[in-house]
Amino acid sequence: MSGIAYPEMLPTLAARLRALTPARVALGRTGVSQPTREQLAFQRCHAQARDAVHARLETAALAAEMEATTGRDVLRLHSAAADRTCYLQRPDLGRALDEPSRVRLSQLQPGPFDLALIVADGLSALAVERHAAPLLCELLRRLEGWRIAPACVVEQGRVAIGDEIGSLLGAEIAVVLIGERPGLSSPDSLGAYITWQPRPGRTDAERNCISNIRAEGLGYADGAGQLASLLAQARRRKMTGVALKLESARALEG
Amino acid sequence: MQPWRTLSQLPIAPISAKTPYSDLAIGGPLMSFSSSIGNHRYQFADLRELLAKATPARSGDVLARVAAETAEERVAAQFALADLPLVHFLAEPVIPYEIDEVTRLIADTHDAQAFSPVRSLTVGELRDWLLSDEATGERLAALAPGLTPEMAAAVSKLMRVQDLIGAAARIRVVTRFRTTVGLPGRLSARLQPNHPTDEAAGIAASILDGLLLGSGDAVIGINPAGDGVEVTTRLLRLVDALRERFQIPAQSCVLAHVTTQMAALEQGAPVDLIFQSIAGTEAANRSFGVSLAMLEEAHEAGKSLGRGAMCADGTIGCNVMYFETGQGSALSANAHHGVDQQTLEARAYAVARRFEPMLVNTVVGFIGPEYLYDGKQIVRAGLEDHFCGKLLGLPMGCDVCYTNHAEADQDDMDVLLTLLGAAGVNYIMGVPGADDVMLNYQSTSFHDALYLRRVLGLRPAPEFEAWLQGDGFGRLALDAANPERLLPA
């Protein structure tokens, strides 16, 4: 190592660092490599994350839970991606509704609504099953006076599927709650995407995002608070995306 | 079996050395290309289609419906591409000049003088030349401004993994801020201490862990969970205080949107490197919320701060930009214009090189299996990106990485890491335990950087190496025994 002496980390420091972050700090080393126990711990988490990606969303149970906690009707929809294998390889299909879902939505009494709430499995059904209902519960309390469309649960859905749904529902803003790609330490992280005037063709720069909603990350009350604040600003400024983000930075961090 | 043979392309338009590329690009004749294998004649409508079909297989091109239909069609396209004169690329842009500012940048900044040594070559002959003994590091560096990204992409499509490594290994692109990155025999690491909620103490813990394992000489670069001016400023101040206190020769960066960093800079935040994700089309960049004009403004603002230090060779570091790229980003923004993802990735490097960046890295496996399906595709893409970036004159690093929905694992990352080390990569990522707990993907660890340095006999950046051997590092190691004194309250 060309004369560089890397210090051994004292157990007290290792424990202190580990207490400060969920990151894999203070792993120790054998030579320059990771010790066996850390290597296996990593492999175990990777195995769990792989399993989370391939787990199937129990939509009936989730819809029932959402109906119970929100006291509102919940629609069950499906994207054009038939199954997980298709979903992983064809993002275009995950962004579009399948025909029965599209027909179903077009038969509804269209808005106008101020807001459409959409829950999609994304890459972690686990995240949605754990966090969607309690987060919605917190959010709805903060949205008094908003005209809200019937909530939707979408299987094999991606973020942009909210554009089609929001537009069919006649909603001014769409919020998509979606399972984020599982990390090794976070198989159940939920993201929330907000889009002003949702319609197919919106780009990611036109959305705002709050991510990492889960027990070890952003809590339900904080997440719902940030969401409600962004929604209020989106409605006032009639926009979402990069420009809104800059102005809302203070509100988000305050 | 009949031996293969190629049929010649249609004649190309004569091009005078003084004719600007842009004039030719407007209303130039469209050409088709063909080649035959056995008794099957394959036809390719234009350069865009030829490049796409000649690209080694990857899921993103299938998704975009531009990939070759069969393995034989792919190799037929490679034959036709091999026979294509390089000057043709100056006549036929893959995205029209009128509708795309990246095309305009490529055309308007093409250096005919630098191009002249390879002007008479075909793409296949360029590959032969790049691998020949003629192609010294010095000549390759001089050639860079004469090559367009499409030429670089084209030749890479004819290259095997060992060609991509062998050619890239000759090219050194050295940049400076407070450290010198990219020197022969050196390997740097970006210390990436992300935290799911941007907690200062958690980020500081990861920084400390990384420094104690010799990472951070490329940059201490934090991806914030929340993209706001105040969090950006707070994190910049955190790293700056640590750097000052232990006299660490390193630069910091908070990888928020460029407009957020600019706002922080205007409010007096200690901004070292300015970051932005970029792509190879104007429309894809728009989907990121950026334009060339915006990047130009950021570049000027960063340079005007003059925060670079005197580096080991006595010059003042003045490379202030940091860019990340990755195959598939344009397609994911529906902004690919029917061009294959690897060619578009090379076009992003034209954007990067405009701004004399300190660091550029492809985040190769981050985008997911729709674009790069498995370990094999990720490994090849990482080496293509590194090669094309270096050939075009960029200080290429690589985020050797994958997501949990890709068919890949740590073994694949070890393969790519080791191959990139052999190829002379400027830097890799140092993430605690290779697990990014904010961005939710797996990259390389502090240990991985030490492994690569050890197995290939590489050393950290000279300024950082001196620090690791000196009082500052000793003090950090001592003070670390009482971390309360190091970490923010």
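The values are calculated or read from the model by the stated rules, or taken from the named source; none is laboratory data. None of these values were measured; they are calculated from a predicted model. FYI the Cβ positions are ideal-geometry reconstructions off the backbone, even for glycines, and counts take in every protein chain you see. The area values use the complete protein model at the heavy-atom level, side chains included, leaving out ligands, DNA and RNA. Shrake-Rupley method; radii C 1.70, N 1.55, O 1.52, S 1.80 Å.
Observations on the model:
- Per-residue ³J(HN,Hα) for the stretch B:460-475, Karplus 6.51 cos²θ - 1.76 cosθ + 1.60, θ = phi - 60°, Hz, x for Gly and Pro: x, 3, x, 5, 6, 4, 4, 5, 5, 9, x, 5, x, 5, x, 5
- B:Glu407/B:His40 FRET efficiency (R0 25 Å; Cβ-Cβ; nearest 0.05): 0.20
- Formal net charge of residues neighbouring A:Ala133 (Cβ-Cβ distance under 15 Å; K, R +1; D, E -1): -3
- Derived scalar couplings between HN and Hα for the stretch B:446-456 equal 4, 4, 4, 5, 5, 4, 5, 4, 5, 6, 10 Hz in order, rounded to whole Hz, by the Karplus curve 6.51 cos²θ - 1.76 cosθ + 1.60 (θ = phi - 60°), x for Gly and Pro.
- The stretch A:50-113 - Rg and Dmax from Cα coordinates, angstrom: 14.1, 41
- With Cα atoms defining each centre, the stretch A:75-124 and the stretch B:263-322 are spaced 40 Å apart in the structure.
- Bridge orientation summary for the stretch A:50-172: considering DSSP beta bridges with both residues in this region, about 10 percent are antiparallel.
- For the set B:Lys157/B:Lys303; A:Lys245/B:Lys390; B:Lys53/B:Lys390, the pairs lying more than 26 angstrom apart at their alpha carbons are B:Lys157/B:Lys303; A:Lys245/B:Lys390.
- If R0 is taken as 25 Å, the Cβ-Cβ distance between A:Ile4 and B:Val455 corresponds to a FRET efficiency of 0.95.
- For B:Ser277, the amide hydrogen comes within under 5 Å of the amide hydrogens of B:Glu324, counting only partners 5 or more places away or on other chains and with H modelled in the peptide plane.
- Student exercise, the protein assembly as shown dipole from Lys, Arg, Asp, Glu Cβ charges, in Debye to nearest 20: 440
- Stokes-Einstein, applied to the Kirkwood radius of chain B over Cα pairs at a viscosity of 0.890 mPa s and 25 °C, places its translational diffusion at 107 µm² s⁻¹.
- Chain B, helix-only ellipticity at 222 nm - DSSP H runs n ≥ 4, -39,500 (n - 2.57), divided by all residues, nearest 500: -12500 deg cm²/dmol
- Positive contributions from Lys and Arg (+1) and negative ones from Asp and Glu (-1), summed over other residues with Cβ under 11 Å from the Cβ of A:Ser101, come out at -1.
- Cut-off of 10 Å, at most 16 other beta carbons, DSSP loop: longest stretch of chain A lacking such GluC sites (Glu not before Pro): A:59-143
- 13 Å beta-carbon shell around A:Gly28, net charge (K/R +1, D/E -1): +1
- Vicinal HN-Hα couplings computed from phi for the stretch A:147-152 (Karplus, 6.51 cos²θ - 1.76 cosθ + 1.60; Hz; Gly/Pro x): 8, 10, 6, x, 5, 10
- Of the GluC sites (Glu not before Pro) found in the stretch B:40-99, those in coil by DSSP whose Cβ has at most 11 other Cβ atoms within 10 Å are B:Glu69.
- The A-B contact accounts for approximately 5100 Å² of buried accessible area, totalled over both chains at a 1.4 Å probe radius.
- Amide hydrogen neighbours beyond the local backbone of B:Asp272, cut-off 5 Å, H modeled: B:Ser252
- The magnitude of the dipole of the stretch A:57-248, with charges of +1 and -1 set on the Cβ of Lys/Arg and Asp/Glu and taken from the Cα centre, is near 560 debye.
- The stretch A:57-248: C-alpha gyration tensor shape, a/c 1.5 cut-off, then a/b vs b/c: rounded
- Remark on B:Asp435: its backbone amide H falls under 5 Å from those of A:Arg24, B:Ser443, a criterion applied only to residues 5 or more positions apart or on other chains, H modelled at 1.01 Å from N.
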